[in-house]
Structures are given as structure tokens and as C-alpha cells.
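Beneath this line is the structure, given in C-alpha cells, with notes to follow.
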Amino acid sequence: MRIGHGYDVHAFGPGACVMLGGVQVPHDRGVVAHSDGDVLLHALCDALLGALGAGDIGQHFPDSDPQWQGASSRVFLRHCASLLAAGGWRLVNADLTLLAEAPRLGGHRTAMRGNIAADLGVDIGRINLKATTCEGLGALGRAEGLACHAVVLLRRADGAGSAG
Ligand code: MG
């Protein structure tokens, strides 16, 4: 088995929506980012890469590379899924926590979980998505941006011993 943790944060900037879990969520601001700035997927990718011992998202998709300008973060997630498969790993579960005063996940939660499950080739029940505000404390509490923590557990795809 392998465990991984990821964390990402983006500042709010000009715009009228925020990409979260591959869903365009209407908001009174956008996020400052090189890619689409999907904080949920960036944290999740880093958790997966961490579990694989494969570095971090910045090494795989440098923000200095114009190729990734405005890129969909689902491309990053599918890349991580291909690394999992190539290494003989399967996702046991992923648990994500969004830290944001707004926007709220509301009715988008199932669509976000569905996108992530589809990109990772697992049942939606293996993907959990939580959200909390920061009770007005700090930069996130002042709604200057949003952040996400992600934790993943991997198992060997062939069901072999857990030493991995
Ligand atoms: Mg990011």
C-alpha cells in the first residue's frame, strides 16, 4: 500500500467562475493560475504523485511551459492515472477537503466526484469531497483565495502483497 498527501492554493483574481473538480462553478471572481487553476485536481495530483514517489505536479507540468497555459487540469489527473497504471497501482480511495469561504460546492459535488472517478477509472464511491470555511481567519478566511488538501491510498493492482 502507498499513501500520499497533496496541498494546493490559488489566489482569487479577475473572472466570473472557478474550475473545481473539472466543473466550472460560477463565482464573482476567478483564480490566478497558469492552467485552469483547479485547486481540487492539483492537490489530488500531488497526492497521487506523492504516493508514487514521483515528485510533484510542478515537475510534470511546469508553469513555465506555455504548453500548459490554460490547460484543463483533468489532463494532469489523467496523466497521474496513467502513471498509476504503469506502475501497477490502483486507487483505494481519495479524500479531498476544500478550504474556501466561497464558492460553495453545493449541487456540484456529485459532478466533481464523477469527473475525478472517471479520470482515475474507479467507482465514484472511492472519491470523497468535503469542504470547510476558515471561519474568517487568515487569507483564506478573508476570501483572498482557496486551497485544498488531498489524501490518497493506493494498492497493488494485481492484489499481490502489500509491501509495495
Ligand atoms: Mg495549483
Exercise for the section: Compute the separation of the alpha-carbon centres of region 49-122 and region 15-36 and state it in Å as a whole number. Expected result: 15
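Keeping all protein chains in place, calculate the accessible area per residue for region 2-156 (probe 1.4 angstrom), answer in Å². It would help to have the intermediate numbers written out before the result.
Values: 6830 Å² over 155 residues.
Averaged over the residues of region 2-156, the accessible area is 44 Å².
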Exercise for the section: Give me the percent of the accessible area of region 2-156 that comes from carbon and sulfur atoms, probe 1.4 Å, all protein chains in place. Expected result: 53
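Work out, step by step, the length gained on full extension between VAL75 and ASP95: first 0.36 nm times the residue separation, then minus their alpha carbon distance; give nm to one decimal. Intermediate results must be reported in sequence, preceding the final value.
Values: separation 20, 0.36 × 20 = 7.20 nm, distance 1.99 nm.
Taking 0.36 nm per residue and subtracting the Cα distance, the gain is 5.2 nm.
How large is the translational diffusion coefficient of the chain in µm² per second when you combine the Kirkwood radius over alpha carbon pairs with Stokes-Einstein at 20 °C and 1.002 mPa s?
Numbers: Rh = 15.9 Å.
Using the Kirkwood radius from Cα pairs, D works out to 135 µm²/s.
Could you sort 64-72, 13-21 so that the peptide with the highest average Cβ count within 10 Å comes first and the rest follow in order? Present the calculation step by step, with values, prior to reporting the outcome.
Working: 64-72: 11.3, 13-21: 18.8.
Those peptides, ordered most packed to least, come out 13-21, 64-72.
The values are calculated or read from the model by the stated rules, or taken from the named source; none is laboratory data. Nothing here was measured: the structure is a model prediction, and the numbers come from that model. Note that we place each Cβ from the backbone using ideal geometry, even for glycine, and neighbour counts take in every protein chain shown. The protein model used for the area step is the full one, side chains on, heavy atoms only, and it has no ligands, DNA or RNA in it. Shrake-Rupley method; radii C 1.70, N 1.55, O 1.52, S 1.80 Å.
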